[in-house]
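The values are calculated or read from the model by the stated rules, or taken from the named source; none is laboratory data. What you see is a predicted model, and the numbers here were worked out from it, not measured in a lab. Note: ideal-geometry Cβ built from the backbone for every residue, glycine included; neighbour counts use all protein chains shown. SASA here: full protein model, heavy atoms, side chains in, ligands and nucleic acids out. Shrake-Rupley method; radii C 1.70, N 1.55, O 1.52, S 1.80 Å.
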Amino acid sequence: MIRYSRRLMILIFCSCFIRSGSLVFAQMTNTIHPDLVNKVWSARWITSPDITGREYGVYLFRKTFVVDSSATRFIVHVSADNRYKLFVNERYVCNGPARGDLLKWYFESVDIAPYLKKGKNCITAVVWNFSDLRPLAQVSGITGFILQGNGETERVINTDSSWRVTRDLSYAPLPVNLNQYYVTGPGERFDCARHPWNWMQSEYDDARWSRVKKLEHGTPVLSFREWGGVSEHVLYTREIPLMEEHTQRFSSIRRADLAGITDQFLEGGRSVTIPAHTTATILFDQSHLTNAYPVLKFSGGKNSELSLTYAESLVDEKGEKGNRNDIDRKHIIGNKDIIIADGGDYRTFSTLWWRTFRYVEMTVETHDEPLSLQEFSSVFTGYPFVERATFACDDSLLSRIWNVGWRTQRLCAGETYFDCPYYEQLQYVGDTRIQALVSSYVSGDTRLMRSAIASIHDSRLPFGITQSRYPSAQTQIIPPFSLLWTAMVHDYWMIDDDANFVRSNIPCIMDVLNWYESKIDSTGMCGRMEWWNFIDWVRDEKWEQGTPPGLHTSHSSIITLQYAYALQKAADLLRTFGFKEESSRYARLAASISTAVYRNCYDVQRGLIADTPEKESFSQHANVLAILTSAIPKAAQARVMEQVVKGKGMAQSSLYFRYYLTEALAKSGLADRYADMLDPWTQMLERGLTTFAEEPDPTRSDCHAWSASPVYYFLSLVCGVQPAAPGFKSVRIEPHPGRLKWINGSMPHRLGMIRVALKKEKGNHLSGEVILPEHLTGTFVWNGHTITLRGGTTRISI
């Protein structure tokens, strides 16, 4: 906390506690008293007595308590609906809970001992419910807060009737209307005059606050033993770490209509005064897209209105983005927050939920008093992935793609993976499968991947398939995404040695595959399909809203082959876990329907698989999947893939489906082409994007991690590092540098780092070295030659 004078103003709602420019973070702990896992908690959910619990509201909870001596450990378990931020003695501790659903409602376990002092202490929480305006990814039951001490000493702070609460009337929602699919929650209108600024201080007089209303006791899942009743929130321990948070500053001020506003203001410590009766507009540029809590500090300017508008990019008069670096003759359209100043000194505002932006436009309208802007910065937030992998080669363009791709991945990962941070923040299976491979390869952290698989598993519907995205307050069904979830479980099985978790997903996998089996008709292919059978954002008149031809009038080779693809993955997985009969049946079924597609849809004249038996349209998608499932005989796969790469006379894959196109490239023996197939990513860099987009321009979202697949393929294909056995218990390294003269790559494995450094010379000679962690073995393959790899350094000269 920054102290300006005896008039201490709390850094309210900021997602960090700042002291001397650094951040102090709470530490999660795995220490949980066994009774708090197996029995009903003594702490109760609490709420405001004056609400139904379903309406919009921001609520402040507080309790003072005494600590007799310095505590070396003081563990508490905390949760809320919808969200909370926890503070101790005015210092920020953490926020949450990690997103789930009512049958799996997470709580955080943190040690607050570093925040305590001998004598009187004050613990406080901001809890909010955005009600019908909440993000679509936010499930909700009823507004509430719960905090449980771990042991007898800590239980002095349990939520009970000793807590006080008040509604913070300074907040009102700002609905967002962008003429786009936007479901990440409202903006915030904050009236400083209605906020109790010193409410976190232990000496604050809360006599006018209400006694809390007590709701049910905290109920962990293992405490349900009798009658089968279910509480409003079934509590589970958090499975992922707390989010990363760190202070960042804007890169530049790109536009300002008031003299004296320069980039020096961005450094902090130099204020800018907006005169009375003035309207001023300032355009801030972060230089790259980010997810962050904006932090604005100001003084004076009673009744002044400060508006903050956030955007990924600016647009021209036609609504086109163009080069993202250009601002001339462009304006901003985006979600916004509004702050009304109360004339007080050293006020600080930060949003309850983070924002996504490259550009922020601040508009200030003063009235009878001048307003002093003291600082404007932000606090980055995201899942704490660490970039442990590296990749370099003789083409610097690939390094730029790596850097932008990794940023894209990072901005699409928080408490869940999400498709895009600005518009949706929803964990879609199609996106998540690619993101999970990227993040696992680069960071070595598979916890979010595991959590995503479990979440989609929990979304399954009574008739057998999963929802397309989860958690979500609204059900959406994209049946092909259930198939991709099956493939995602297979991915995890190969990467992480977590057999019990993988096994727990097998019944759901079988339900998905059996549902699809019921759609096979006399042709041997899947017949008419219900729901939204999204495959890819294809710009072709015969495709409708991402769905291929034939779904409603005929048979789709694409849908049928995607089913075969999932069957093959499942057969491989089930065989290992002892489901030999089911594995064999799925393998036979995959072969049968792949043969049916070839029989019904292969066009002899073009030498390609058509989208339907009528053979009126063709796509890269059908032929990519035909190669991946071996519906096209192995001897013909390279020839077909050559036509796919050219793309003549067929619907084209978008950035998303190029992941599968690359898989087929490798399977058909053309993987060395990959380094020459990165034009879509090059074009995005040329257009000033700092993250990779949902689709080529015109695009809604500038950040979609399904287009970060090159980061994965630089390691898995160009460097050639792949698991050779489930759990990555051995490795196969088969590099495909193509035109590249040298490649250096490293990636984390649970036993240590895998390193590859190779150089191509005349005559297709390859030299260099491979370094494996101790106890890891594998093979190195190049042009038909195989070298055995063991822990340590292996010299390569082929």
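Only residues that are open to solvent by less than 10 Å² (accessible area, probe 1.4 Å) and within 18 Å of G688 (Cα to Cα): list them for the range 329-357, please.
T356, F357
Any residue at all in the range 431-454 that's in contact with a Cys (Cβ under 8 Å, 6 or more places away or on another chain) and free of Cβ contacts under 8 Å to residues at least 60 places away in the same chain?
No, there is no match, as no residue in the range 431-454 is in contact with a Cys (Cβ under 8 Å, 6 or more places away or on another chain) and free of Cβ contacts under 8 Å to residues at least 60 places away in the same chain.
Just checking, how many residues over the range 199-232 are open to solvent by less than 60 Å² (accessible area, probe 1.4 Å) and either among the acidic types (D, E) or over 15 Å from K39 (Cα atoms) (or both)?
10
Which of the residues belonging to the range 106-125 are more than 24 Å from the chain's Cα centre (by Cα), part of a strand (DSSP E or B) and surrounded by 17 or more Cβ atoms within 10 Å (Cβ to Cβ)?
Within the range 106-125, D111, N121, C122, I123, T124, A125 meet the criteria.
Any residue in the range 275-286 that is closer than 15 Å to H331 by Cβ and open to solvent by 30 Å² or more (accessible area, probe 1.4 Å) sitting within a Cβ distance under 8 Å of a residue that is part of a strand (DSSP E or B) and not aliphatic (A, V, I, L, M)? List the pairs, counting only those 6 or more apart or interchain.
These pairs meet every condition: T281/R255; T281/E361; T281/T363.
Answer yes or no as to whether V731 is more than 24 Å from the chain's Cα centre (by Cα), closer than 22 Å to Y492 by Cβ, aliphatic (A, V, I, L, M) and open to solvent by less than 20 Å² (accessible area, probe 1.4 Å).
The answer is yes for V731.
Which pairs turn up if I take residues in the range 45-63 that are within 25 Å of N89 (Cβ to Cβ) and modelled with pLDDT of 95 or more and look for partners that are acidic (D, E) and open to solvent by less than 20 Å² (accessible area, probe 1.4 Å) with beta carbon separation below 7 Å, at least 6 apart in sequence or on another chain?
Correct list of pairs: V58/D168; Y59/D168; L60/D168.
Could you count how many residues in the range 474-503 are open to solvent by 10 Å² or more (accessible area, probe 1.4 Å) and more than 20 Å from Y586 (Cα to Cα)?
Adding up the residues that qualify gives 11.
Looking only at the range 726-745, which residues are in contact (Cβ under 8 Å) with a residue 60 or more places away in the chain, out of contact with any helix residue (DSSP H, G or I) (no Cβ under 8 Å at 6 or more places or on another chain) and closer than 19 Å to T788 by Cα?
Listed by number, the list holds a single entry, K729.
Return the residues of the range 124-157 that are of a type in the set (F, W, Y) and under 24 Å from E90 (Cβ atoms); say none if nothing qualifies.
Result: W128, F145.
Output the number of residues of the range 707-728 satisfying the condition of being buried (at least 22 other Cβ atoms within 10 Å of the Cβ), aliphatic (A, V, I, L, M) and in contact with a strand residue (DSSP E or B) (Cβ under 9 Å, 6 or more places away or on another chain).
4
Touching a strand residue (DSSP E or B) at 6+ places or on another chain (Cβ under 8 Å), in a loop (DSSP other than H, G, I, E, B) and modelled with pLDDT of 95 or more: which single residue out of Q467, Q435, Q476 fits that description?
None of the others qualify; the one that does is Q476.
In this structure, does Y441 turn out to be of a type outside the set (D, E, K, R), under 29 Å from H288 (Cα atoms), more than 15 Å from the chain's Cα centre (by Cα) and in a helix (DSSP H, G or I)?
Yes: the conditions hold for Y441.
Could you please tell me which pairs satisfy a Cβ distance under 8 Å, a separation of 6+ or placement on different chains, a first residue in the range 185-208 that is charged (D, E, K, R), and a second residue that is open to solvent by less than 10 Å² (accessible area, probe 1.4 Å) and in a loop (DSSP other than H, G, I, E, B)?
From the range 185-208, the pairs are E188/T351; E188/L352; D191/S170; R194/D168; R194/S170; D206/W199.
Quick check: anything in the range 359-374 buried (at least 19 other Cβ atoms within 10 Å of the Cβ) and small (G, A, S)?
The answer is no, given that none of the residues of the range 359-374 is buried (at least 19 other Cβ atoms within 10 Å of the Cβ) and small (G, A, S).
Quick one: T72 ticks every box in (1) at pLDDT 95 or above; (2) among the β-branched types (V, I, T); (3) open to solvent by 30 Å² or more (accessible area, probe 1.4 Å); (4) not in a strand (DSSP E or B) bar one, so which box is it?
Every condition holds for T72 apart from (1).
Could you check P471 against (1) of a type outside the set (A, V, I, L, M, F, W, C); (2) open to solvent by 20 Å² or more (accessible area, probe 1.4 Å); (3) in contact (Cβ under 8 Å) with a residue 24 or more places away in the chain and say which number it fails?
It is condition (2) that P471 fails.
List every residue pair whose Cβ atoms lie under 6 Å apart, where the two residues are 6 or more positions apart in sequence or sit on different chains, the first residue falls within the range 121-136 and is free of Cβ contacts under 8 Å to residues at least 24 places away in the same chain, and the second residue, located anywhere, is open to solvent by 10 Å² or more (accessible area, probe 1.4 Å) and of a type in the set (A, V, I, L, M).
Cβ pairs passing all conditions: none.
Against the definition (open to solvent by 10 Å² or more (accessible area, probe 1.4 Å), part of a helix (DSSP H, G or I), out of contact with any helix residue (DSSP H, G or I) (no Cβ under 8 Å at 6 or more places or on another chain) and of a type in the set (D, E, K, R)), how does R407 come out, yes or no?
Considered against the rule, which asks whether it is open to solvent by 10 Å² or more (accessible area, probe 1.4 Å), part of a helix (DSSP H, G or I), out of contact with any helix residue (DSSP H, G or I) (no Cβ under 8 Å at 6 or more places or on another chain) and of a type in the set (D, E, K, R), R407 comes out as yes.
Which of the residues that make up the range 590-607 are surrounded by fewer than 21 Cβ atoms within 10 Å (Cβ to Cβ) and farther than 18 Å from E642 by Cα?
Passing the criteria: A591, S592, T595, Y598, R599, N600.
Taking I506 and the conditions (1) farther than 30 Å from G649 by Cα; (2) open to solvent by 60 Å² or more (accessible area, probe 1.4 Å), which numbered condition does it fall short on, given that it satisfies the others?
(2)
Of everything in the range 610-636, what is within 35 Å of the chain's Cα centre (by Cα), closer than 25 Å to R588 by Cα and either among the polar types (S, T, N, Q) or buried (at least 24 other Cβ atoms within 10 Å of the Cβ) (or both)? Give them in sequence order.
Residues satisfying the conditions are D611, H621, A622, N623, V624, L625, A626, I627, T629, S630, A631.
Can you pull out the helices (runs of 4 or more DSSP H) entirely within the range 586-697 that have at least 2 residues that are among the polar types (S, T, N, Q) and without any contact (Cβ under 8 Å) to a residue 40 or more places away in the chain?
Qualifying helices (runs of 4 or more DSSP H): 634-646.
Name the one entry in V781, V770 that is of a type in the set (A, V, I, L, M), open to solvent by less than 40 Å² (accessible area, probe 1.4 Å) and touching a residue at least 40 places away in the same chain (Cβ under 8 Å).
V781
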